[in-house]
Amino acid sequence: MSSLTHAESVTVSATPEDLYDLVSDVTRTGEWSPICTGCWWDEGATGQVGDWFTGRNETPDRTWETRSEVVAADRGREFAWLVSGAYVRWGFTLEPVEDGTRLTESWEFLPAGLAMFREKHRDRAEHEIEVRTRAAHTGIPVTLGRLKEIAETGGRPSTS
């Protein structure tokens, strides 16, 4: 099985604050994520720690929604959330570097998530965990590439 944690980085020609504003706007997630096609905030949420949002995910095999809680919201430094408040931690950290910002996306399958998968999927649990793990490992570089493109082309993805 692939590692249950993963992180990759890219250098983006943008300020940490500008990148934070981009990655913390969950309503734009569908522009860069290969699986999450859209997100929306719970009523009254503004992206602060403790706020919740819903994300819609799509693969060729299925479509599903998850709710996530913001667990880090430090402008210019870190934005992170927990899927279902405990199952998987996703996040972005931002570090100023000479050429702009080192943007790191990280992912971790947490013990509560593994337990939920084992209870829900029983005999197929390890397979389902591996499928999600592979998706994170392959999706992170795609996401980072799209975020770099969006940030360096004025905020919108190219149409090519």
message: Of the residues Thr46, Thr11, only one is under 17 Å from Pro96 (Cβ atoms) and not acidic (Asp, Glu); which?
response: Thr11
query: Of the residues that make up segment 90-104, is at least one part of a helix (DSSP H, G or I) and either of a type outside the set (Lys, Arg) or open to solvent by less than 30 Å² (accessible area, probe 1.4 Å) (or both)?
result: no
- request: Please give the number of the condition Gly85 fails out of (1) out of contact with any Lys or Arg (no Cβ under 9 Å at 6 or more places or on another chain); (2) assigned to a loop (DSSP other than H, G, I, E, B).
  value: (1)
Out of Val70, Val23, Val12, sole residue that is surrounded by 15 or more Cβ atoms within 10 Å (Cβ to Cβ) and within 20 Å of Leu110 (Cβ to Cβ): Val70
- request: Return yes or no: is Thr66 of a type in the set (S, T, N, Q) and at pLDDT below 95?
  value: no
- prompt: Among the listed residues Gly155, Gly76, which satisfies the condition of being surrounded by fewer than 19 Cβ atoms within 10 Å (Cβ to Cβ) and either modelled with pLDDT of 95 or more or on the phi < 0 side of the Ramachandran plot (or both)?
  reply: Gly76
- request: Only one of these is modelled with pLDDT of 95 or more, out of contact with any His (no Cβ under 6 Å at 6 or more places or on another chain), hydroxyl-bearing (Ser, Thr, Tyr) and on the phi < 0 side of the Ramachandran plot: Thr59, Thr29. Name it.
  value: Thr29
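The values are calculated or read from the model by the stated rules, or taken from the named source; none is laboratory data. The structure presented is a predicted model; accordingly, all values stated were derived computationally and were not measured. With ideal geometry, Cβ positions are generated from the backbone for all residues, glycine too; neighbour counts draw on all protein chains shown. Heavy atoms of the whole protein, side chains included, go into the accessibility calculation; ligands, DNA and RNA do not. Shrake-Rupley method; radii C 1.70, N 1.55, O 1.52, S 1.80 Å.
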